[in-house]
Amino acid sequence: MYFSKSFIPILKNNPTEAKIKSHKLMLRTGMIKQSSAGIYSWLPLGFKVMKKIEQIVREEQNRVGVQEMLMPTIQSSEIWKESGRYDDYGEEMLRIKDRQNREMLYGPTNEELITEIFRSSVKSYKSLPQLLYHIQWKFRDELRPRFGIMRCREFYMKDAYSFDISDDEALYSYNKFFLSYLNTFKRMELSAIPMAADTGPIGGNLSHEFIILADTGESKIYTDKRIFEVDSTETIIDKNSLAQLRKDFEKYYSVTDEKFNKSEFENNVEENNRLQTKGIEVGHIFYFGDKYSRAMNANVDYNGKKEFVKMGSYGIGVSRLVGAIIEAKYDEKNEIMKWPLSVSPYDCSILPIINKNDNSNLDRAVNIYNELKKNDLDVLIDDTDENISSKIKKFNLLGIPYQIIIGKNFNEHKIEFKEINKEPIFISLDKIIKILNKKK
Ligand code: 5CA
């Protein structure tokens, strides 16, 4: 993509309405645009990042055997009346009437709809476990939407649901998600810690939030620092290894605000290991047994007996993650962002010094651009006639992690190649291609 033709409406200054750095950067670099309170359009740069995050989430769900599907955003109120949540959900639910005066709603989550789909097709325990997910827009009419896409009203979420015959099997499913979440966030270069959490309107009594540390986070957390050292490189997904993996984390006291108990914290964690801080919830998993299957009569045949299935649900805030990664990676003071390459909107940028009446550097840049494209790399080339220092400043803000700078002493065997926050190196195009492809 040529910068002059791209739709990246960069603002000169930080927008005053934004309070946290992710919101500021997303508005400043034209990643999103507010359409009304808590509702945003995703412009090309932001959309590219969100799609890359979505793809990582998808691959890691598929890897542990979860099947992708797609449910609608608009649901009928009837299934919510069956589960009893239609009234409980209160004003956060956006309620709509269609032309036949039927009560509809914009889904805030999908436990009811998936249970309805499950019960109409699955009849025998022999088809279990069933693990299903979709990635879809949700709507919650938050009282105070804030911090841009971090707490908004319309957001993009991955939600998965598990159906099992027994508690024991259901916990195995739960642990598969536990592992897949650790791997998902790791691929985004985030350190997300699982913490015992409250279940709120979803219900049940077992739940973990996955939290990344950030001063601007809305979740208060209390944790034993040693949890950051737990080795989570588990690849085998048998029952025992996964149960052990969860135990390795649960050994250390680590809870969100609602679960906090001062004396428990002090008795379990030595003073020098105690950490009380704030974080961003990027994922949340729940086990709630037969809460919905009993209310909605979702049962299967088990040796001649009808058993209510045991269910869990598992969310990841796909759109929130865009902001969470910025909170973790953006150096606001020096105005330098560096996207992990796995989610970066482009793999590399090319910044030629362009002098009036001399197109030679732009021609060189275009040649390199074409070569990189041939090698499946996604590149943004700055073909504007801005001076090089303002180009670098602009691209440091955009956060594409690698820059090729084409200046006065261009030598095709020693191309200036710079990773943001590091000293430039001078290498051939072949080597550049190797580095970018290896890191991808
Ligand atoms: N049904 C369950 C699991 S699928 C559920 O809805 N869980 S949740 O309420 O915790 O939401 C899942 C994830 O969506 C959260 O961890 C968070 O990352 C994201 N999320 C929730 N509310 C918002 C919001 N208002 N704005 C942006 N992201 C949100």
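The values are calculated or read from the model by the stated rules, or taken from the named source; none is laboratory data. Keep in mind it's a predicted model, so treat the numbers as computed, not measured. Virtual Cβ from ideal backbone geometry, glycine too; neighbours counted across all protein chains shown. In case anyone asks, the SASA skips ligands and DNA or RNA and just uses the protein heavy atoms, side chains included. Shrake-Rupley method; radii C 1.70, N 1.55, O 1.52, S 1.80 Å.
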Exercise for review: Please give the number of the condition Met311 fails out of (1) open to solvent by 10 Å² or more (accessible area, probe 1.4 Å); (2) assigned by TED's automatic domain parsing to the domain that holds Cys152; (3) not charged (D, E, K, R).
Suggested key: (1)
Point to revise | Selected residue [touching a residue at least 40 places away in the same chain (Cβ under 8 Å) and either among the β-branched types (Val, Ile, Thr) or open to solvent by 40 Å² or more (accessible area, probe 1.4 Å) (or both)] from Ile236, Ile316 | key: Ile316
Check your understanding: Is one or more of the residues making up the range 280-293 over 30 Å from Leu113 (Cβ atoms), of a type in the set (Gly, Ala, Ser) and assigned by TED's automatic domain parsing to the domain that holds Gly204?
Key -> no
Practice item. Only strands (runs of 3 or more DSSP E) wholly contained in the range 56-173 count here; list those with 3 or more residues that are closer than 25 Å to Tyr287 by Cβ and of a type outside the set (Phe, Trp, Tyr). Key: 130-139, 154-164
**Study point:** Evaluation of Ile354 against (1) aliphatic (A, V, I, L, M); (2) open to solvent by 10 Å² or more (accessible area, probe 1.4 Å); (3) within 16 Å of the ligand (Cβ to nearest atom); (4) more than 25 Å from Ser180 (Cα to Cα) (one fails), failing number
**Key:** (3)
Point to revise | Residue list for the range 97-116, restricted to those being open to solvent by less than 60 Å² (accessible area, probe 1.4 Å) and either free of Cβ contacts under 8 Å to residues at least 60 places away in the same chain or near the ligand (Cβ under 10 Å from one of its atoms) (or both) | key: Asp98, Met104, Leu105, Tyr106, Gly107, Pro108, Thr109, Asn110, Glu111, Leu113, Ile114
Review point. Only one residue in Asp159, Asp141 is of a type in the set (D, E, K, R), within 15 Å of the ligand (Cβ to nearest atom) and within 17 Å of Gln61 (Cβ to Cβ), so which one is that?
Key: Asp159
Revision key, fill the gap. Ser390 meets each of (1) open to solvent by less than 50 Å² (accessible area, probe 1.4 Å); (2) farther than 26 Å from Met26 by Cβ; (3) among the polar types (S, T, N, Q) with one exception, condition (2)
Practice item. Give the residues of the range 415-440 that are in a loop (DSSP other than H, G, I, E, B) and either under 23 Å from Leu397 (Cα atoms) or open to solvent by 80 Å² or more (accessible area, probe 1.4 Å) (or both), sorted by residue number. Key: Ile420, Asn421, Lys422, Glu423, Pro424, Lys440
Study note, to complete from the structure: Residue hits (the range 190-216; at pLDDT 90 or above, within 13 Å of the ligand (Cβ to nearest atom) and either among the β-branched types (Val, Ile, Thr) or under 18 Å from the mean Cα position of the chain (by Cα) (or both)) are Leu190, Ala192, Pro194, Met195, His208, Glu209, Phe210, Ile211, Ile212
**Study point:** Residue satisfying all of: in the range 274-286; of a type outside the set (Lys, Arg) and more than 11 Å from the ligand (Cβ to nearest atom); nearest to Ile211 (Cα to Cα) among these
**Key:** Gly279
Exercise for review: Report yes if some residue within the range 81-92 is without any contact (Cβ under 8 Å) to a residue 12 or more places away in the chain, open to solvent by 60 Å² or more (accessible area, probe 1.4 Å) and either among the β-branched types (Val, Ile, Thr) or not assigned by TED's automatic domain parsing to the domain that holds Ile280 (or both); otherwise report no.
Suggested key: no
Practice item. Please give the number of the condition Gln276 fails out of (1) of a type outside the set (Gly, Ala, Ser); (2) open to solvent by less than 60 Å² (accessible area, probe 1.4 Å); (3) part of a strand (DSSP E or B). Key: (2)
Point to revise | Test: Gly65 is on the phi > 0 side of the Ramachandran plot and either among the hydroxyl-bearing types (Ser, Thr, Tyr) or surrounded by 14 or more Cβ atoms within 10 Å (Cβ to Cβ) (or both) | key: no
Practice item. Please work out which residue is most open to solvent (accessible area, probe 1.4 Å), limiting yourself to the range 369-384 and to residues that are under 9 Å from Cys348 (Cβ atoms) and in contact with a Phe, Trp or Tyr (Cβ under 9 Å, 6 or more places away or on another chain). Key: Asp378
Exercise for review: Return only the number of the condition from (1) within 16 Å of the ligand (Cβ to nearest atom); (2) under 20 Å from Leu206 (Cα atoms); (3) aliphatic (A, V, I, L, M) that Val309 does not satisfy.
Suggested key: (1)
Review point. For Pro72, are the conditions met, namely being surrounded by fewer than 16 Cβ atoms within 10 Å (Cβ to Cβ) and under 27 Å from the mean Cα position of the chain (by Cα)?
Key: yes
